[in-house]
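The values are calculated or read from the model by the stated rules, or taken from the named source; none is laboratory data. In this text the structure is predicted, and so the values were computed from the model without any measurement. Glycine gets a Cβ as well: all are built from the backbone with ideal geometry, and neighbour counts include every protein chain shown. Accessible surface areas use protein heavy atoms only, side chains included; no ligands, DNA or RNA. Shrake-Rupley method; radii C 1.70, N 1.55, O 1.52, S 1.80 Å.
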Amino acid sequence: MIRFEKVVKKYNYQDKAAVDNLDLHINKGEICMLVGPSGCGKTTTMKMINKLIKATTGKIYINEMDIEKVDPIKLRLDIGYVIQDTGLFPHMTIAENIATVPMEKGWDRNKIRHRVDELLELMELDPEIYRDKKPKDLSGGQRQRVGVARALAADPPIMLMDEPFGALDPITRGKLQDEFLRLQEKIGKTIVFVTHDMDEAIKMGDKIAVMRDGKLVQFGTPNEILSNPADEFVSELIGGNGSLKIMNLIKCKDIMRSIPNIDVDNSVDEAMKLLLKLGVRNILVTDKGQGLLGYVNYDSLANHKATLKELLKPIGETVTPKTTLQDTLSKMFSLGRKTVFVSGSRGRVDGIITMDDLLKAVSDNDQSSDIIA
Amino acid sequence: MTKAQTSSLRLRDVLSILFIISIGVAFSIYVVQYPQDRIVERFISYSKIINAILQHLYIVAISSALALLTSVPLGIILTRPRFKKYSTKVLTVVNIGQTIPSLAIVALFVGFLGIGSKTAILALWIYSLLPILNNTLVGILSVEPSVIEAARGMGMPTKRILYKIELPLALPIIIAGIRTAVTINIGTAILAAFVGGGGLGDLIISGNNVSRWQILMLGATLPALMAILADIVFGVVERRTII
Ligand SMILES: Nc1ncnc2c1ncn2[C@@H]1O[C@H](COP(=O)(O)OP(=O)(O)O)[C@@H](O)[C@H]1O
Ligand SMILES: [Mg+2]
């Protein structure tokens with residue numbers, strides 16, 4: 001979708017390059033995080049995409065179209081733009097702010113009004129309350145939401161976001177990050193997101209481009225970056241606890257095992273046979289009338305001669321498919337158990353995760369780690 | 001600011017305006033109805049006062065309008081990227097220019113334009129260019145760069161950024177400049193009488209010539225009241241344009 005080819009930006013000719021021979025390919029529908037210390041060229045890289053800054057040499061393509069050939073105004077109208085200071089127009093109402101690009105595009109009034117209300121609702125701001133307020137009447141987090149709404153107004157396929165949550169307190173920032181990720185699941189934009197915070201990059205990114213002194217140091221998924229930092233510099237950006245950070249990236253649904261079930265009327269031997277046949281250690285026990293009763297595991301079946309009903313253990317507290325491994329681990333600690341069930345909607349059990357699964361998931365990803373082994 | 005506060009403020013402004021007008025009217029009536037002697041009676045009349053006021057206003061209005069029409073565009077040009085580097089230098093020159101006494105400028109213009117209201121208008125125009133230009137520059141330059149960047153990044157053309165963002169945001173400051181210019185002009189326009197331009201300064205000259213304090217005082221008081229009036233009115237406009 002967006003492709004940089006040997007892009008160089010020099011602000012002054014004798015200067016060293018602010019962006020140095022950058023090759024980068026950003027896929028459609030992905031969030032690409034540009035991360036690195038202040039002054040490494042992230043903003044410059046981003047602004048070259050909408051031609052706020054002109055590349056000194058090299059080419060940038062959007063949908064295989066060389067942007068040099070596109071009129072900057074036309075180009076920008078189809079690229080959402082969000083910045084850290086929001087840049088909201090202080091003399092205009094929230095509705096007028098959000099309507100900026102639709103107005104430039106000449107939409108009719110009714111369509112604009114509907115779109116503004118729709119976006120306010122999407123951003124969890126009640127249109128009745130906020131439509132006619134001025135930016136100064138809003139909190140920092142609300143202003144940033146309006147900034148995002150304004151960028152989304154004409155539904156551009158691409159969004160550029162320069163440290164959009166950088167000026168917010170940690171709690172608000174976390175909230176807006178979560179909201180934005182949920183939103184992105186719905187809208188699937190191609191997003192270039194600048195941050196100096198590696199944790200934000202790991203949390204938000206489908207891909208991460210690590211930059212240093214204008215050069216691309218490493219490009220990959222958060223997982224790849226965490227597991228195989230290209231060099232000392234990237235490791236340092238990641239900070240300690242690489243494995244723990246990976247646990248934040250992986251969701252239960254990625255590693256959970258499916259779990260068979262068996263009717264409570266069956267004998268222990270039959271349950272055992274099924275376990276051996278499927279090669280699993282746990283099995284759900286159900287009843288035609290009452291539904292899910294609980295579960296039994298391999299160890300209890302091997303040591304006892306009893307009915308399934310007597311060996312039943314309760315399912316207990318569960319996690320959801322979207323719970324991260326880190327939260328799952330905390331859950332296990334707080335429950336004092338080595339297994340936890342994953343349940344989706346309406347109390348159905350979808351799978352199971354054990355402590356070993358967690359450790360394996362992390363160690364598979366992290367070859368450098370020896371805590372796990 | 002709550003609605004109650006703004007409306008009470010407006011009431012205060014209206015009362016002040018009425019008060020100032022009634023002082024001016026009362027003083028004029030007093031001087032005309034109760035002339036001290038035949039000389040005063042011969043030199044002052046309602047139509048003379050009204051004529052002087054209208055002439056005064058004419059000089060002020062034309063010179064201020066000319067200043068507005070030159071300073072604002074000049075200010076806009078000087079804040080465009082190509083000329084921005086000169087804007088601080090111009091501001092310095094402008095500020096030095098404002099320290100030259102108005103009388104000096106009027107005298108200078110008599111030198112090559114002769115006497116008459118044209119000279120007065122030109123002198124006042126030059127003199128009031130400065131506060132408006134100053135405030136136009138300051139107003140536009142003080143617009144948050146992030147606001148302009150956002151507008152550019154979203155695809156607003158430069159001209160629309162000027163009309164929709166920069167000028168509206170600079171407007172209160174520009175109006176404050178106009179307020180200063182007009183207020184000063186009303187006072188300085190007294191000097192027009194000394195170069196044969198007419199206006200309320202004529203009353204001062206006549207009053208002085210015939211040694212009658214009422215006429216002289218009227219010529220001094222009316223411009224002062226008009227200046228205060230202009231200050232209040234433009235103050236209201238200025239406040240209404242602030243976000
Ligand atoms: N307008 C400019 N003129 C000159 N140098 C600039 C300009 N903008 C940025 N730079 C320089 O380019 C480098 C990269 O800046 P930037 O892209 O803003 O970094 P980042 O966003 O990663 O903090 C820095 O060394 C910065 O000083
Ligand atoms: Mg930056």
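A few remarks follow.
- Some residue of the stretch A:118-133 being within 14 Å of chain B (Cβ to nearest Cβ), more than 16 Å from ligand 1 (Cβ to nearest atom) and either touching a residue at least 12 places away in the same chain (Cβ under 8 Å) or in a helix (DSSP H, G or I) (or both): yes
- Among the residues making up the stretch A:58-86, those that are farther than 18 Å from residue A:219 by Cβ and within 16 Å of ligand 1 (Cβ to nearest atom) are A:81, A:82, A:83, A:84, A:85.
Conditions tested, residue by residue: (1) modelled with pLDDT of 95 or more; (2) of a type in the set (Gly, Ala, Ser); (3) under 12 Å from residue A:98 (Cα atoms).
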| site | (1), (2), (3) |
| --- | --- |
| A:120 | yes, no, yes |
| A:126 | yes, no, no |
| A:135 | yes, no, yes |
| A:151 | yes, yes, yes |
| A:157 | yes, no, no |
| A:162 | yes, no, no |
| A:166 | no, yes, no |
| A:170 | no, no, no |
| A:173 | no, no, no |
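- Looking only at residues of the stretch A:178-221 that are among the polar types (S, T, N, Q) and more than 23 Å from residue A:78 (Cα to Cα), we find that the one that is nearest to ligand 1 (Cβ to nearest atom) is A:218.
- Any chance residue A:136 is within 14 Å of chain B (Cβ to nearest Cβ), assigned to a helix (DSSP H, G or I) and open to solvent by 30 Å² or more (accessible area, probe 1.4 Å): yes
- Helices (runs of 4 or more DSSP H) contained entirely in the stretch A:22-104, each with at least 3 residues that are open to solvent by 20 Å² or more (accessible area, probe 1.4 Å) and within 14 Å of chain B (Cβ to nearest Cβ): A:72-77
- Top-ranked residue in the stretch B:76-100 [being assigned to a loop (DSSP other than H, G, I, E, B) and at pLDDT below 85; ranked as most open to solvent (accessible area, probe 1.4 Å)]: B:99
- Pick from the stretch A:168-201, criterion open to solvent by 70 Å² or more (accessible area, probe 1.4 Å) and outside any helix (DSSP H, G or I), ranking: nearest to ligand 2 (Cβ to nearest atom): A:196
- Qualifying residue in the stretch B:140-162 (condition: polar (S, T, N, Q) and either over 27 Å from residue A:48 (Cβ atoms) or more than 14 Å from chain A (Cβ to nearest Cβ) (or both)): yes
- Leading residue by the ranking (farthest from ligand 2 (Cβ to nearest atom)) among those in the stretch A:202-221 that are of a type in the set (D, E, K, R) and closer than 17 Å to residue A:158 by Cβ: A:206
- The set of residues in the stretch B:194-215 that are surrounded by 22 or more Cβ atoms within 10 Å (Cβ to Cβ) and modelled with pLDDT under 90 contains only B:197.
- Qualifying positions in the stretch B:19-49 - under 20 Å from the mean Cα position of the chain (by Cα) and open to solvent by 60 Å² or more (accessible area, probe 1.4 Å): B:21
- Residue in the stretch A:4-12 that is open to solvent by less than 50 Å² (accessible area, probe 1.4 Å), of a type outside the set (Ser, Thr, Tyr) and facing chain B (nearest Cβ under 10 Å) present: no
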